[in-house]
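These notes concern the structure reproduced below.
The values are calculated or read from the model by the stated rules, or taken from the named source; none is laboratory data. Quantities reported herein were computed from a predicted structural model and do not represent experimental measurements. Cβ sites come from the backbone with ideal geometry, for glycine too, and all protein chains shown count toward neighbours. Surface areas here come from the heavy atoms of the whole protein model, side chains and all, with no ligands, DNA or RNA. Shrake-Rupley method; radii C 1.70, N 1.55, O 1.52, S 1.80 Å.
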Amino acid sequence: MKTECSIVKDLLPLYMEDMVSRETAQYVSDHLKECPECRAELAELKGGTGLAAIEGKSTLDTNSAKPFQKMMRRMNRQFHMLAYSLIIFFIFLGFAWTAGENLMYNSLIMPIVGVFGYYVFKWKAVYKVPVLLLLIDLAVFAFQLVEIGFADTIGWTFIYSIFVLVGVAIAFLFHYAIKKEDQK
Ligand SMILES: [Zn+2]
């Protein structure tokens, strides 16, 4: 009985798709009448790919989606790494510009940092990006990469944090709106 079950279970996917000979189909259906275990297996198979089977699609379609999803996940991870690098780069650049005439660009750069921050950290960007901002700004101050005092470093970090939070809020609202749209 056990050997018979394992043969039948191997055949079930083909049996489901009508891809077995008439004799084999007869053999499988005879076995199914007597064996609740194999019937359960068949029901489970139908549950998983039932819709595909009804629509006449082969189960291969669902299998071929897997490498694609894997690729998407890998790409997503690479985009995260890229966004993370850009966050650090833009914070560094923005803070370096604080002492110069490009200062005003920060009102644009910092919200963009916030948007990238939301992409990488989701809502945790609310505190993670400001902490990152503080650490980088303090490092710039400590190594005197830009001529800027300690009080100014803290002050500008605070102001930039507000701009960053505006960016996070914009990204959040945008994300929220898209999700809402998807649910309709
Ligand atoms: Zn069986």
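Below is a table of values for the structure above.
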{"read-out": "Residue that is farthest from the ligand (Cβ to nearest atom), among those in the stretch 37-84 that are within 16 Å of ASP18 (Cα to Cα) and modelled with pLDDT of 75 or more", "value": "LYS46"}
{"read-out": "Residues of the stretch 90-105 that turn out to be surrounded by fewer than 13 Cβ atoms within 10 Å (Cβ to Cβ) and either part of a helix (DSSP H, G or I) or not assigned by TED's automatic domain parsing to the domain that holds VAL140 (or both), as a count", "value": "2"}
{"read-out": "Subset of the stretch 16-36 that is loosely packed, with under 14 Cβ neighbours inside 10 Å and assigned to a helix (DSSP H, G or I) - its residue that is farthest from the ligand (Cβ to nearest atom)", "value": "ARG22"}
{"read-out": "Test: residue in the stretch 112-126 that is of a type in the set (Gly, Ala, Ser) and loosely packed, with under 13 Cβ neighbours inside 10 Å", "value": "no"}
{"read-out": "Hey, ILE148 open to solvent by 50 Å² or more (accessible area, probe 1.4 Å), at pLDDT below 95 and over 19 Å from ILE87 (Cα atoms) or not", "value": "no"}
{"read-out": "Filter result for LYS2 (within 15 Å of the ligand (Cβ to nearest atom), open to solvent by 60 Å² or more (accessible area, probe 1.4 Å) and modelled with pLDDT under 80)", "value": "yes"}
{"read-out": "Positions within the stretch 140-174 being more than 16 Å from TRP97 (Cβ to Cβ), in a helix (DSSP H, G or I) and out of contact with any helix residue (DSSP H, G or I) (no Cβ under 7 Å at 6 or more places or on another chain), in sequence order", "value": "ALA142, ALA151, ILE154, PHE158, ILE162, ALA169, LEU173, PHE174"}
